[in-house]
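So the structure is just underneath, and the comments pick up after that.
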Amino acid sequence: MLAFTPRRAIGALCARGFPALQKRWLNLHEYQSVQVMQSYHVHTPKGLPAFTGREAEAAASALQAEQGDIDFVVKAQVLAGGRGLGYFKENGFQGGVHQCQSPSKVKEIAKKMLGNTLVTKQTGEAGKPCNAIFVCERLYLRREKYFAILMDRSSGGPLMIGSAVGGTSIEDIAAKDPTAIVKMPIDITVGLSEAQAREFAEKLAFEGDRVDQAAQCIMGLYKMFIDKDCTLVEINPFAETHDGRVMVCDAKVNFDDNAEFRHEDIFEMRDTTQEDPREVQAARFDLNYVGLDGNIGCMVNGAGLAMATMDIIKLNGGSPANFLDVGGGASKTQVVEAFRILQNDPKVKAILVNIFGGIMRCDTIALGVIHASQEIGLSKPLVVRLEGTNQEQAKKLIDESGLKMLFSTDLSESASKAVKMAEIIELAESAELDVAFAL
């Protein structure tokens, strides 16, 4: 029997039509990824991060002193694609990537980016805060290619993927010409040989001495992928410059959070401002949480039961606001924190608790409900379905607490009640009625 991990559950959410908005795999900013790649002798543009306009000007001046008379590229550091075509919400400034000819211009552009929210096609209208920029030398590219390494289930190990055409969405390239995509599985027990790296460089249409340069970068990227427990290394573009250099010009590098104990230096670079604050809060208490788009908050024990709960909410005409799995051994504190997340989420209009008591005892959940109501002032309509270990004790605790909630042992009935409650709240709010009176 396959273990049903939270990640597999999140993947299944997508298959069911639930948008998994955030995977908790560490994703570094570009300037951070460049620092890691440089330690593996991967050729990257010279660049420095900056966090204020003055720092940006100083970074450009330092690069100019080292590299000579160069132009610059200023890149907003947000964890999302499509930065170049994005815009900043607060001031309407267009573009998260700009070319500049002088340190003073770099400072001017940086001040329009820093402290503002960049909206791209990947962030949605909420956007993401830009708290850092990357000032790097401008390269004049002759050819742009695509390169990536990821773990592939079908081949049972790392898979290199590439295209002689890059600089744009790889999905668009594949849709236009599937033959443009080349792949090479790597035996993880043997590793990547220099001959394989050269062969792949040639498949990407590098020629002459650029094959050796590209192979060196590919070898370094593969070693980083294995050493640092990466889940993805994506380079776009993997480019040849006008003067014959091969450079990794833009990078997306993800790391497996299960390997955090091996890479504390990497995980110290995590930028939680780029993540859903609800997921950050949940992770602090070892809760498995994914934000969704609906209005019914779900608290469930077990990934499979969580998906069944969201399915039955959908079948009853509702829409789940989250995937929240408290696990099989949650403490009272964890339950309280789970309720705190749901209570503070403005999208949540009603809450459905669905616990099948096995390892997780129903009375622990009941105590969590009671303490949450007392500690955080839980005010949202609540439907509780408890079944299994210590079920009767849980019902007694809830009855004696005097809390206003609907208790049920039938899942379909519980989901139907939660959907109706959420509908009532939505109608009351739209009509500016007193919610308590409406209920």
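Membrane-span-like helices in the chain: DSSP H runs reaching 24 Å or more (Cα, own axis), mean Kyte hydropathy at least -1.0? Before the final figure, lay out each step's value.
On the way: long enough: 209-227 (28 Å, 0.11); 411-430 (29 Å, 0.24).
Helices meeting the span and hydropathy rule in the chain are 209-227, 411-430.
Considering only protein heavy atoms, what per residue accessible area in square angstrom results for the chain with a 1.4 angstrom probe? Can you show the working numbers first?
Working: 20370 Å² over 439 residues.
Result: 46 Å² of accessible area for each residue.
For Glu392, Glu234, Glu423, write out the residues from largest to smallest accessible area, computed with a 1.4 angstrom probe and no ligands counted. Working shown, then result.
Values: Glu392 125, Glu234 45, Glu423 95 Å².
Sorted by accessible area, descending: Glu392, Glu423, Glu234.
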Inter-centroid distance (Cα atoms) of region 381-397 relative to region 149-204, Å:
52 Å
Among Thr231, Phe407, Ser155, flag the residue with its Cα farthest along the positive direction of the charge dipole of the chain, charges on Cβ as +1 for Lys/Arg and -1 for Asp/Glu.
Phe407
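Under the classification rounded if a/c is under 1.5, otherwise prolate if a/b is larger than b/c and oblate if not, where does region 112-152 fall, given a ≥ b ≥ c as square roots of the Cα gyration tensor eigenvalues?
On the way: a/c = 2.47, a/b = 1.35, b/c = 1.83.
In terms of gyration-tensor shape, oblate.
Pull out the extension gain between Glu207 and Glu387, defined as 0.36 nm times the separation in residues minus the alpha carbon to alpha carbon distance; nm, one decimal. Provide the component values of the computation, followed by the final result.
On the way: separation 180, 0.36 × 180 = 64.80 nm, distance 6.64 nm.
Residue separation times 0.36 nm, minus the Cα-Cα distance, leaves 58.2 nm.
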Semi-axes of the equivalent ellipsoid for the chain, please: Cα gyration tensor eigenvalues, times 5, square-rooted, ordered largest first, whole Å.
48, 26, 18
In region 46-138, what is the count of Lys pairs whose alpha carbons are under 15 Å apart, counting only pairs at least 8 residues apart or on separate chains?
11
Quick one: dipole size for the chain, taken about the Cα centre, charges +1 on Lys/Arg Cβ and -1 on Asp/Glu Cβ, in debye to the nearest 20.
420 debye
For a quick check of your reading of the filter: which trypsin sites (Lys or Arg not before Pro) in region 327-413 sit in a DSSP loop and have no more than 14 other Cβ atoms within 10 Å?
Lys404
Distance between region 62-83 and region 258-318 - C-alpha centres, whole angstrom:
34 Å
Protein chains only, probe 1.4 Å: how do Thr189, Thr123 rank by accessible area, largest first?
Thr189, Thr123
Under a straight-distance cross-link criterion of Cα-Cα below 16 Å, which aspartates and glutamates are reachable from Lys183, leaving out those fewer than 8 residues away in the same chain?
Asp152, Glu171, Glu199, Glu202, Glu234
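Taking Rh as the Kirkwood radius computed over C-alpha pairs, what is the Stokes-Einstein D of region 276-431 at 25 °C in a medium of viscosity 0.890 mPa s, expressed in µm² per second?
Numbers: Rh = 15.0 Å.
It diffuses with D of about 163 µm²/s by this estimate.
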Which one of Val73, Tyr87, Thr123 is farthest out on the positive end of the charge dipole of region 46-138, using unit charges on Cβ (Lys, Arg +1; Asp, Glu -1) and the Cα centre as origin?
Thr123
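Identify the trypsin sites (Lys or Arg not before Pro) of region 226-267 meeting these criteria: DSSP loop state and at most 16 other C-beta atoms within 10 Å of the C-beta.
Working: sites: Lys228, Arg245, Lys252, Arg262; in loops: Lys228, Arg245.
Within region 226-267, the qualifying trypsin sites (Lys or Arg not before Pro) (loop, at most 16 other Cβ atoms within 10 Å) are Arg245.
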For an R0 of 22 angstrom, estimate the FRET efficiency from the Cβ-Cβ distance between Asp152 and Arg245 and round to the nearest 0.05.
0.15
Full-extension gain in nm, Ala126 to Thr52, via 0.36 nm per residue minus C-alpha separation:
24.3 nm
Dipole of the chain [Lys/Arg +1, Asp/Glu -1 at C-beta], most positive-end residue of Ile398, Ala62, Val248:
Ile398
For region 97-174, the percent of accessible surface on carbon and sulfur atoms (probe 1.4 angstrom, ligands and nucleic acids excluded) is 47 percent
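What is the magnitude of the charge dipole of region 276-431 about its Cα centre, with +1 placed on the Cβ of each Lys and Arg, -1 on the Cβ of each Asp and Glu, and no other charges, expressed in debye to the nearest 20?
Details: 15 positive and 19 negative charges, 33 e Å.
In total the dipole reaches around 160 debye.
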Once the Cα atoms of region 116-251 are picked out, what are the Rg and Dmax in Å?
16.1, 47
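Glu426 to Leu406: FRET efficiency via 1/(1 + (r/R0)^6), r the Cβ-Cβ distance, R0 22 Å, to the nearest 0.05? Numbers along the way, then the final one.
On the way: r = 18 Å, r/R0 = 0.81.
After rounding to 0.05, the efficiency reads 0.80.
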Over all distinct Cα pairs, what is the inverse of the mean 1/r for region 46-138, reported as the Kirkwood hydrodynamic radius in Å?
12.8 Å
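Rounded to the nearest 0.05, what FRET efficiency do Leu141 and Asp399 have when you use their Cβ-Cβ distance and R0 = 56 Å?
Values: r = 70 Å, r/R0 = 1.26.
After rounding to 0.05, the efficiency reads 0.20.
The values are calculated or read from the model by the stated rules, or taken from the named source; none is laboratory data. Bear in mind that the values here come from a model prediction, so they are computed numbers and not experimental data. Backbone-built Cβ (ideal geometry, glycine too); neighbour counts: all protein chains shown. Accessible surface areas use protein heavy atoms only, side chains included; no ligands, DNA or RNA. Shrake-Rupley method; radii C 1.70, N 1.55, O 1.52, S 1.80 Å.
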